[in-house]
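One structure below.
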Amino acid sequence: MTRWISTFSLLTSLLVLPMSANATVVLEVGLEKMSEASAVIFQGVVVDVRVTEASGRPGAIHTEVRFRSVEALKGAGHFQDSLLTISLLGGSLHGQTLHVPGMPEFVQGMEVVLFLEKTATGFALTGLHQGVFVIEDAPDGSLEPVVSQRPSGASIARHDPEGRFILGASAPLTRHHPLKDFLAEVRHHIHEQKTPTPTRP
């Protein structure tokens, strides 16, 4: 059995609005703002993925993803022996599936650059799927790896000049950006950050 849910969360840099039973709308966030809002930014690899159910809450399925850091660009102190685990709402367990539109999926061995916000109970993906950049081989066969964002099914909201929300079908995805250049840009944004990184309630 599959259940669809929508998420609602208002953050400094992220807005998730329930639009229907199977839609999620997220406020668009650029790389500079994402770098500022994230307490942890790192290049790493997925060590393992485990699906669990919250104790005493039948159907509250979560997916725990454990990462090993290759390089922590921000928030290195949050890792223990280079490992960090995040918990994502959704997953499949005992014949039941809880699907959260727009929530990225991870598999063991996947290499990523990840942006995470600090919360009162752990970490959340900054900008939902926007905070996940998958490291892959360059399509032209060159030796330099690239990063790409993957479609998530979530729609994007933007601010107009008067501060009102404009709903769009999707945001432009980063595709085949050289990893070396991408990490250099992130380091630059971190270095230039003027305000403290917020903690999500």
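Any read-out appearing in this document is the output of simple, stated calculations on the displayed coordinates, not a laboratory observation. Quantities reported herein were computed from a predicted structural model and do not represent experimental measurements. Note: ideal-geometry Cβ built from the backbone for every residue, glycine included; neighbour counts use all protein chains shown.
Less than 5 angstrom separates the built amide H of Met110 from those of Val46, all sequence-distant by 5 or more or on a different chain.
Applying the Karplus relation 6.51 cos²θ - 1.76 cosθ + 1.60 with θ = phi - 60° to segment 87-104 yields 3J(HN,Hα) values of 10, 10, 5, x, x, 10, 7, 6, x, 10, 10, 10, 10, 10, x, x, 7, x Hz, where x marks Gly and Pro. Near the amide H of Ser82, within less than 5 Å, lie no amide hydrogens of residues on another chain or at least 5 residues away, with H placed in the peptide plane.
Within segment 88-188, the trypsin sites (Lys or Arg not before Pro) that combine a DSSP coil assignment with at most 14 other C-beta atoms in a 10 angstrom radius are Arg164, Arg175.
Let me spell out the model: positive unit charges on the Cβ of Lys and Arg, negative unit charges on the Cβ of Asp and Glu, origin at the Cα centre of segment 38-84. What dipole size does that give, in debye rounded to 20?
Values: 5 positive and 5 negative charges, 17 e Å.
Here the size comes out at about 80 debye.
For segment 44-55, backbone phi angles converted through the Karplus equation (6.51, -1.76, 1.60; θ = phi - 60°) give residue-by-residue couplings of x, 10, 6, 7, 7, 10, 9, 9, 9, 10, 4, 4 Hz, Gly and Pro being listed as x. Per-residue 3J(HN,Hα) values for segment 150-161, derived from phi via the Karplus relation 6.51 cos²θ - 1.76 cosθ + 1.60 with θ = phi - 60°, read 10, x, 10, x, 7, 8, 10, 10, 10, 8, 8, x Hz in sequence order (x marks Gly and Pro). The alpha-carbon of Lys180 sits under 15 angstrom from the alpha-carbons of these aspartates and glutamates, leaving out residues fewer than 8 places away in its chain: Glu71, Glu111, Glu136, Asp137, Glu144.
Within the same chain, aspartates and glutamates fewer than 8 places from Lys194 are excluded, and of the rest, those with a Cα less than 14 Å from its Cα are Glu32, Glu36.
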